[in-house]
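One structure is given below, encoded as structure tokens.
The values are calculated or read from the model by the stated rules, or taken from the named source; none is laboratory data. From a predicted model like this one, the values you see are computed outputs, not experimental measurements. Quick reminder, even Gly has a Cβ in these numbers, built from the backbone with ideal geometry, and neighbours come from all protein chains shown. Keep in mind that these areas ignore ligands, DNA and RNA; they rest on the heavy atoms of the full protein, side chains included. Shrake-Rupley method; radii C 1.70, N 1.55, O 1.52, S 1.80 Å.
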Amino acid sequence: SPSAPVAHHVVADALAGYEAEINTFFTSAGYPYAVSIVVSDEGQCSVSLIHTSSYQIKNAGNTLSYGERNALALVFFMYSALSNNPDLIILDDPVTSFDGHKRFALLHMLFLKDDCSPNSLKGRTVILLTHEYGVVFDVEHTLKSELQPLAKTTLLHIANDTISETIVEKDDMKPVRTLYQELARSSHHPLARLAYARKLIELDDSKGLEWDYLSS
């Protein structure tokens with residue numbers, strides 16, 4: 001399988017020892033890639049990205065989509081953070097651009113631990129900012145029990161140069177599809193109705209002509 005170097009030795013050093021975990025994530029998220037991490041006799045570490053397709057690709061690095069590049073960046077960031085051990089980690093809307101399955105796989109990688117992926121940001125001080133309702137729903141309804149007792153979700157509201165917080169609980173939230181259907185039917189602004197109609201299509205992961213039409 002063709003491969004391409006994707007990180008210099010500083011980043012690769014942070015990834016050393018995590019090759020199996022990273023490749024488990026790629027498989028669970030449905031990405032056709034694997035990483036190979038090699039340590040030289042001089043102690044230098046390098047990482048290569050290997051495309052698992054049987055087709056011949058001259059340069060795997062040039063075939064990465066926008067989403068694949070973002071996923072790789074998040075993987076590299078997380079293991080770099082584990083290596084650097086900061087007091088505070090801030091994630092600014094890290095998974096909003098991903099579809100449901102890949103988004104959940106990324107949240108699982110970032111915040112949960114299991115036998116296949118024993119390392120994550122769980123137990124560290126992390127602020128995750130997002131404007132995507134589906135991300136908050138996933139956290140509150142699926143991940144929250146794994147992150148207790150310290151994790152909490154708050155809605156930030158800015159008015160008159162003052163930021164206020166409202167704690168959001170699981171029972172405060174409607175299922176994502178139910179909410180989007182209501183907003184697509186009843187929002188006062190027609191552009192909002194179109195936006196939520198597009199989100200309903202995205203939930204089904206079927207971006208066809210209807211999605212293109214609503215996007216334009």
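Calculated FRET efficiency, residue 203 and residue 160, Cβ-Cβ r, R0 30 Å, to nearest 0.05?
Values: r = 36 Å, r/R0 = 1.20.
Step by step, r from the Cβ atoms, then E = 0.25.
Report relative contact order for the range 92-134 in percent, whole number only (criteria: Cα-Cα under 8 Å, sequence separation at least 6).
46
State in Å² the accessible area per residue of the chain; use a 1.4 Å probe, count heavy atoms of protein chains only, and round to the nearest integer. It would help to have the intermediate numbers written out before the result.
Working: 13180 Å² over 216 residues.
Averaged over the residues of the chain, the accessible area is 61 Å².
Report residue 196's accessible area, 1.4 Å probe, all protein chains in place, as a number in Å² to the nearest 10.
For residue 196, solvent-accessible area is about 70 Å².
Taking mean projected area of the Cα convex hull in nm² as the quantity of interest, determine which of (1) 26.5; (2) 12.1; (3) 15.7 was computed from the displayed structure.
(3)
Quick check: the angle from helix 176-186's long axis to the longest principal axis of the chain, C-alpha only, nearest 10 degrees?
On a 0 to 90 degree scale, this one is about 40.
Leaving ligands, DNA and RNA out of it, rank 42, 202 by accessible area with a 1.4 Å probe, largest first.
Output order, biggest surface exposure first: 42, 202.
What's the long-distance tail for the range 119-216, i.e. % of Cα pairs beyond 20 Å?
Counting pairs separated by more than 20 Å, the tail of P(r) holds 52 percent.
If you put +1 on each Lys and Arg Cβ and -1 on each Asp and Glu Cβ, how big is the dipole of the range 156-216 around its Cα centre, in Debye rounded to 20?
My answer is approximately 260 debye.
Given a 1.4 angstrom probe, I'd like the percentage of the accessible area of the chain that is carbon and sulfur, rounded to a whole number.
Answer for the chain is 53 percent, counting heavy atoms of protein chains only.
What value, in deg cm²/dmol to 500, does the helix sum -39500 (n - 2.57) over DSSP H runs of n ≥ 4 give at 222 nm once divided by the residues of the chain?
Calculated at 222 nm, the ellipticity per residue is -12500 deg cm²/dmol.
For the chain, what relative contact order do you get, as a whole percent, if you take Cα pairs closer than 8 Å and at least 6 residues apart? Could the numbers behind the result be given before it?
Working: 262 pairs, mean separation 31.1, N = 216.
It comes to 14 percent, rounded to a whole number.
Just the accessible area for residue 102, please: 1.4 Å probe, Å², rounded to the nearest 10?
The accessible area of residue 102 comes to roughly 60 Å².
For the chain, give the magnitude of the charge dipole about the Cα centre (Cβ charges: +1 Lys/Arg, -1 Asp/Glu; no others), in debye to the nearest 20.
Working: 17 positive and 27 negative charges, 94 e Å.
Its charge dipole is roughly 460 debye.
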